[in-house]
Amino acid sequence: MSNDVTCERLREIGAELALGVLPGRERAEAVAHLDRCAACREYVGHMTLVGDGLIGLLPGHEPPPGFETRVMRALEKDATAHEGDPHPRTVGPARGPVRGRLRAARLRTASAVAAFAVAFGVLGWAVGTAVENVTASPPASSSVTAGSRLLTGSLTSASAPARPAGDLYAHPGEPGWIYMSVDLADAGTPYSGQVRCTLERSDGSTVRVGTFALRNGYGEWGTAAPVDATTLTGARLTAPDGTVLATGHFTGGPKT
Amino acid sequence: MIFRDGRAISCRRRTVYKGVPSFRFPVGRLPDEALLAGLATGDPELAVTFVRRFQRTVFGVAIAVTGDPQLAEDIAQQTFERAWRHAQIYDSRRGSVTTWLTTIAHNLAIDAVRARRAEPVAPEDLDALLDAVTETPEQWALADEASSRLRAAVARLPREQGRALVMAGVYGMTARQVADREQIPLGTAKTRIRTAMGKLRGTLAAPNRGDHVQ
Ligand SMILES: [Zn+2]
């Protein structure tokens, strides 16, 4: 093709591409080049970071009085509007698992391209916007009732129980959610690879809620999960071979 | 990842969030990512905490781009609605929650401006914004190291490059629009944008790779 963008040409227009101001035709040709050129993807990824950084330099500004109330009203309205959606993307009891799967799928995809995550930044959040219709359905307003009864806990490393190894958060609900930040390196376990997260209940039963990756002992992860404040007691992280890497107990939350 | 490796993020969190009370954890102290994850559950307390934490930043972006308080408020509100609907697709590996939100707000603001305004930005607004970006004492104090480096680099740009950068990067003007606005050839406008961005790119490759650009 005569109008193939070369690397040299890409470096001329990469800044404009990253800032989102390249006219349509040039943009399409540039993106086609990025599709097949890792070096230029990285270049444009860096330029995108610069652009994001520039936006981050803009001074903060207090919104007008009442803004917070208006936003909250809009969110509630939005939730109500989707309650009786005749074409629900996620329905009733299926919501939790479906969302969990979608999130897991997204995380897997993200891991696979982690090395190029910066490079893909130029498509970055725009890609997220493009898939919004299949991924995100706001919670029904019926779930907008629970007060914040957040459970918290600390992770400890299985090999060095005295050392803190991360934080746990769990929010009750169907689905509720869990979130953790893991830091096993200081506890002497700079593990890299997949870990499985299992929740433990007071009756001794367990439920697997998903897997995520640690890098040199560090990682953070969250997912939708069934969280019952009256029965959830702890969480455990295991390596694929079954080795327990860390355990944690939830200490916060309502007394029962 | 270059700036956002998990180690840096975890180190920061360890410092800030260890030793918190274990009972009735104050949601105001949740990490941004956890708060966003919780937002997806529709919990009103988490939602209002989220809005309070970020409204100043989000509205700041919207007002900077549009210069119109009413329009900026609409944009800021839409930004939170979007964040609320799409909390699940946020991925911390792509950047901080703040960056995610400001990107949403910026895109919405650019779209709104493109739809509404045929006139390019007023000269005094452009210069005021460039000054604000390079001289904001309050943010100097709060900013992380990467932001400070970037701010300093913007301040060192020749004025015409800084203007071209703000026009393209903040107002979303094309090189053609920059050229018309500055009454310079198209090639010159493109060169200014590219040169400015190239200089700023150098600030990313700093010795301390531990923090993200905000
Ligand atoms: Zn190339």
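General remarks:
- Filter result for the condition that a residue is of a type in the set (Gly, Ala, Ser), in contact (Cβ under 8 Å) with a residue 12 or more places away in the chain and touching a Leu at 6+ places or on another chain (Cβ under 6 Å), over B:Ala87, B:Ala105, B:Ala76, B:Ala62: B:Ala87
Every residue, every condition in (1) at pLDDT below 75; (2) within 13 Å of chain A (Cβ to nearest Cβ); (3) surrounded by fewer than 17 Cβ atoms within 10 Å (Cβ to Cβ); (4) part of a helix (DSSP H, G or I), yes or no:
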site: B:Arg114; (1), (2), (3), (4): no, yes, yes, yes
site: B:Glu119; (1), (2), (3), (4): yes, no, yes, no
site: B:Glu124; (1), (2), (3), (4): no, no, yes, yes
site: B:Leu129; (1), (2), (3), (4): no, yes, no, yes
site: B:Val133; (1), (2), (3), (4): no, yes, no, yes
site: B:Ser147; (1), (2), (3), (4): no, yes, no, yes
site: B:Ala152; (1), (2), (3), (4): no, yes, yes, yes
site: B:Glu160; (1), (2), (3), (4): no, no, yes, yes
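- Counting the residues of segment A:59-78 that are small (Gly, Ala, Ser) and facing another protein chain (nearest Cβ under 7 Å) gives 2.
- Of all residues in segment A:35-49, none that is away from chain B (no Cβ under 14 Å) has its Cβ atom under 6 Å from the Cβ atom of a residue that is away from the ligand (no atom under 13 Å from the Cβ) and modelled with pLDDT under 95, 6 or more apart or on another chain.
- Lone qualifier among A:Pro172, A:Pro226 - being in contact with a helix residue (DSSP H, G or I) (Cβ under 7 Å, 6 or more places away or on another chain), of a type outside the set (A, V, I, L, M, F, W, C) and touching a residue at least 40 places away in the same chain (Cβ under 8 Å): A:Pro226
- Selection from segment A:155-191 of residues that are of a type in the set (S, T, N, Q) and in contact with a Phe, Trp or Tyr (Cβ under 9 Å, 6 or more places away or on another chain): A:Ser181
- Whichever residue in segment A:10-65 is more than 9 Å from the ligand (Cβ to nearest atom) and among the basic types (Lys, Arg) and, among such residues, is nearest to B:Thr102 (Cα to Cα): A:Arg27
- Tally, over segment B:81-112, of residues that are open to solvent by less than 10 Å² (accessible area, probe 1.4 Å) and not in a helix (DSSP H, G or I): 1
The values are calculated or read from the model by the stated rules, or taken from the named source; none is laboratory data. The structure presented is a predicted model; accordingly, all values stated were derived computationally and were not measured. In this analysis, Cβ positions are derived from the backbone assuming ideal geometry, glycine residues included, and neighbour counts consider all displayed protein chains. Side chains included, ligands, DNA and RNA excluded: accessible areas come from the protein's heavy atoms. Shrake-Rupley method; radii C 1.70, N 1.55, O 1.52, S 1.80 Å.
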